[in-house]
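Comments concern the structure below.
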Amino acid sequence: MSAEFSPFQDRLQDLIAMEMEKLVSLCKRRGFLFQSSEIYGGFGGFWDYGPLGVELKRNVKECWWRDMVTGHDDLGVPAGAPTTYEMTGLDSTIIMNPQIWKVSGHYDLFHDFMVDCRETKKRYRHDQVKGRWVSYQDKPQFFVATAVEENCQPGDVEHRALKFLNLRAKNAADLKWETELVSLVTVKEFSQVLGPDAKTLGTLTEPREFNLMFKTYVGALSGEEGAAFLRPETAQGIFVNFKNVVDSSRVRVPFGIAQVGKSFRNEITPRNFTFRSREFEQMEIEFFCHPNTSREWYQYWRDRRYKWYTDLGLAGERLRLRDHHQDELSHYSCGTADIEYAFPFLAPGEFGELEGIAHRGDFDLRSHMEGKLMRQGDQLVVEMGPDGKPRHRGSGKDLSYYDDLTKERFTPHVIEPSAGADRGTLAFLCEAYKVDTAPDEDGKPTERVFLKLHPRLAPIKAAVFPLVKKDGMPEVAQRIYRELKSHFNVFYDEKGAVGRRYRRQDEIGTPYCITVDSQSLTDGTVTIRDRDTLEQWRIKADDVASEVTKKIRGG
Ligand code: GAP
């Protein structure tokens, strides 16, 4: 991220922040998202989806399941895939045998480093604090820190440095900036750090490890014997069921197992709406293939998953596919790419992860057979404890695969596209939020806020209105409403001026409004209005269901 901002970028950032605030307020006002436990003051890192939010998020998950699993054609070779493949699903438990997390590496390695501020009692993730070294006259230089996800404005660091030194804005030119924005991870002398919210130097503690798994106790045993964890990812539930799925269904490698469900991480600094929550949902696929073709499958899934987002409307420069550098790869991964979105709450040039696509090799299946693995040179070997036995024992079960056509036995390699349902939902909302000018009911151009959601994602697909509440129009509109209800989610509204009813639907992303007017009573036609183009046309009332269905499917 560049630390140099032009006044234009400053203004742009202000504008973006303002739009984000408006989106957050729309989400609350119209029932997309609420703070969890709000009447008790909320609960950090937990969010509830309201009546419209639940529909939107369900649509995101259902589109994913339909496009990846039930709609997948097992018989054809999809564009870019090396061969045909099969897809199947699973729903495993949230709490599993704790040995799974020891073997997977989560027990030992799934931690973040945190720093605490002794002055403000605030806690930060070490790698999420950035700052600049600055000096002034003969005073020793110091590091002005800021939490990166707090939507820090370009002038914040300068403002805080001036305030700390008791200087005015006109003295800004006297500050000597020694560095651009750099991570706190690069800083060794904590005594010279001005914490993100602190007034004095040296209040941040040294970084400490913090395991992100939520611990719980199962049964009547309250000590370590009964300790278990809420799953931090859905993936392990798939790996430990690999053999069950192979033995109970007729799937053959290559095939994928998909799972959608809750995951829990005790994030140190949950923030940015639902982006970093403590309870969230994942949509994960573990795709099992022959080691010789795993690179090609990795490439296929990387591109396939990127296309899924663009097909649903996340096009343009705010979405990107980024390959990880070698030093960013997890301990198990031999290749990872992230699909990222430039969320409006991030600083200009910053992107947030929507999904990771990882080539995990045979790490997971081997771990669950042999015990927790560690890297030794370019080999994965079982990590030994001081007693010369595996540090964390595997299941001892054979999770290799026998191909009865080639007569070969091998441990499949895994490609893992792992997406966040909440981050996806938030990105679709951010991308959809639009403001334009459209004529109101008197024909006067006024500002219009609308959510340009893909019709497949829209919580309500169509709204049905009688133009006026008399002359038999409500009866006809209600008949159409009931007929559409059996196909998709529809809303009936007869209250207020029709122009206002249109605006209310635009604001929640309803793609089509159907209006019954006096002509409908004589020729059986109604008007359909398109949310994005505002175009209106007449069709037969009996054709509304098929017309809207065709449009939702992109026909
Ligand atoms: N099984 C691999 C895995 O869990 P991850 O990158 O840690 O990989 C996958 O998580 C996805 O889950 C992320 O790309 C993100 O969309 C979502 N995710 C992770 N942590 C999250 C959090 N605290 N809040 C919301 N979504 C989160």
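Each reported figure results from applying straightforward, stated rules to the coordinates on display, with no laboratory input. Nothing here was measured: the structure is a model prediction, and the numbers come from that model. Glycine also receives a Cβ, built like all others from the backbone with ideal geometry; neighbour counts cover every protein chain displayed.
Annotation: lysines with alpha-carbon distance below 23 angstrom to K444 (same-chain offsets under eight excluded): K434, K452, K495. Partners of K215 within straight-line reach, counting lysines whose Cα lies under 18 Å from its Cα and excluding those fewer than 8 residues away in the same chain: K102, K262. Shown for the range 489-543 is the translational diffusion coefficient from the Stokes-Einstein equation, using the Kirkwood radius over Cα pairs, a temperature of 4 °C and a viscosity of 1.567 mPa s: 110 µm²/s. Rounded to the nearest 20, the Cβ-based charge dipole of the chain about its Cα centre (Lys and Arg +1, Asp and Glu -1) stands at 980 debye.
Over the chain, what relative contact order in percent results from Cα pairs under 8 Å that are six or more residues apart? This gives 13 percent for the chain. When you count the other C-beta atoms within 10 angstrom of each residue and take the mean per peptide, 384-391, 358-365 line up highest first as 358-365, 384-391. Between V468 and R375, the modelled labels are 7.4 nm apart [label points 7 Å from Cα along Cα→Cβ].
A cut-off under 12 angstrom between Cβ atoms defines the neighbours of F491, and their net charge, with Lys, Arg +1 and Asp, Glu -1, is +2. Counting only the Cα atoms, the chain fills a convex hull of 206 Å³ per residue.
Using the rule -39500 (n - 2.57) for each DSSP H run of four or more residues, divided by the residues of the chain, the 222 nm mean residue ellipticity is -8000 deg cm²/dmol. Taking all Cα pairs closer than 8 Å and separated by 6 or more residues, the relative contact order of the range 97-165 comes to 19 percent. For the range 20-92, the square roots a ≥ b ≥ c of the C-alpha gyration tensor eigenvalues yield an a/c of 1.5 or more together with a/b exceeding b/c, which makes the shape prolate. Think of the chain as a dipole: +1 on every Lys or Arg Cβ, -1 on every Asp or Glu Cβ, centred on the Cα centre; then among W133, F264, G349, F264 lies furthest on the positive end. Here the relative contact order of the range 155-283, from alpha carbon pairs under 8 Å that lie six or more residues apart, stands at 15 percent.
Label point of T70 set 7 angstrom out along Cα-Cβ; within the range 382-421, amide nitrogens under 19 Å from it belong to 421. Label-to-label distance, H111 versus I95, with points set 7 angstrom from Cα along the beta-carbon direction: 2.4 nm.
With Cβ to Cβ distances under 10 Å as the rule, what net charge do the other residues near C117 carry (K, R +1; D, E -1)? After counting each charged neighbour, the total is +1. Long hydrophobic helices in the chain: the complete DSSP H runs spanning 30 Å or more by Cα along their own axis with mean Kyte-Doolittle hydropathy of at least -0.5 are 7-29. The alpha carbons of the range 360-428 give a radius of gyration and a Dmax of 16.6, 52 Å, in that order. Among the aspartates and glutamates, which have Cα under 13 Å from the Cα of K57 when same-chain residues fewer than 8 positions away are ignored? Reachable aspartates and glutamates: D48, E281, D422. If the only charges are +1 at each Lys and Arg Cβ and -1 at each Asp and Glu Cβ, what is the size of the charge dipole of the range 391-435 around the Cα centre, to the nearest 20 debye? Dipole of the range 391-435, to the nearest 20 debye: 260 debye.
With 5 Å bins beginning at zero, the pair-distance distribution over Cα atoms of the range 74-114 amounts to 5, 15, 13, 11, 10, 11, 14, 15, 4, 1 %.
Between D156 and Q35, the FRET efficiency from the beta-carbon distance, with R0 = 22 Å, is close to 0.30.
For the range 238-320, the spread of Cα positions along the three principal axes, ordered from largest to smallest, is 43, 32, 21 Å. If R0 is taken as 35 Å, the Cβ-Cβ distance between R393 and S191 corresponds to a FRET efficiency of 0.20. Apply the a/c threshold of 1.5 to the C-alpha gyration tensor of the range 289-337 and tell me whether it is rounded, prolate or oblate. Taking the square roots of the gyration eigenvalues as a ≥ b ≥ c, the range 289-337 is oblate.
Each label point is 7 Å from the Cα along the Cα-to-Cβ direction; what then is the distance between the points at H325 and F46, in nm? Placing both labels 7 Å along Cα→Cβ, they lie 3.9 nm apart.
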